[in-house]
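Computed from the coordinates by the stated procedures, all read-outs in this text should not be read as laboratory data. Just so it is clear, the model here is predicted, and its values are computed rather than measured. Here the Cβ positions follow ideal geometry from the backbone for every residue, glycine too, while neighbour counts run over all protein chains shown.
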Amino acid sequence: MDPHHHNAPRHRNASQTAAVAVHHVSHQTTHHIPIDYKPAVRFYTKANKDLSLTIRDGKVTLALDNPSDHHQHWIIETFETVKDVFGIPSFALVNKATGQAIKHSTSPGQPIQLVEFNPDKPDVSVLWTKDGVGFHVVRLVNNTRIRLDACIGEHGGVEDGTTVGLWAWTEKANQMWATTPFSGVRFYTKANRDYSLTIRDGKVVLAPTNPSDLYQVHDLVDFFFSSKRFKSVDLPKRFISVDLYTLFEFLVPIDP
């Protein structure tokens, strides 16, 4: 990653580099839920909205937006107990296809790395915070002067294959990021519309509708066409042999 593509950084107060203590206490209750069942987001930069953050050949890059590519699907794992110097809770960005989290690079100007994600013991090197709404900066939880950065190449732009790394704040669009949820649906039966399809104790069942229960939020494409979603679920034979459209006549979009 060529550090010369940036303007000189505008440094902020040195106290922003203060170390952040990671307190391993109870995290949000969704951390025990397998990644396959969590809603994902698209992660992209203001510098080129046609590109999405992805993993390609074991590296974090930008690629042309493709919703069917699960390497472009990211899970945001929030840790309320780990905050930056401004008191903003941190988060990890975990890839749905690989289960890996993006990790701080060894130094500014270097590509960010990937590491297996452990939600029970998150290392500070996989934690980030954001500043702003809409398109916002993403910064290291333990050094808020350093931002997530889409490297501007030799031709002066952000394109398919652009490397993602770290750099000091430059006020450029390639350091502004946004997320967009992938739409989800809930499945329920005409026999009782107050119950939704969910997974409980490894089995597919109906349960009282609860919008905050991520087991009740389904990706429509995954649900019908991916065996991975139910690989570890005990499905009754009669359930497999019956068309889902016969059992579940209604699909309701889940608002982001």
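Below are the figures for this structure:
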quantity: Loop-located chymotrypsin sites (Phe, Trp or Tyr not before Pro) in the range 56-160, at most 14 other Cβ atoms within 10 Å (DSSP); calculated: F86
quantity: Euclidean distance between Cα centres, the range 107-174 to the range 61-81, Å; calculated: 14
quantity: Cβ-Cβ FRET estimate between N66 and V115, R0 fixed at 25 Å, reported to 0.05; calculated: 0.55
quantity: Of K59/K103; K46/K130; K46/K83, pairs whose Cα-Cα distance is over 23 Å; calculated: K46/K83
quantity: Neighbour-count order for E159, E116, fewest beta carbons within 10 angstrom listed first; calculated: E116, E159
quantity: Neighbour-count order for R147, R200, R42, fewest beta carbons within 10 angstrom listed first; calculated: R200, R42, R147
quantity: Lys, Arg +1 and Asp, Glu -1 on Cβ, resulting dipole of the range 73-198 about Cα centre, debye, nearest 20; calculated: 380
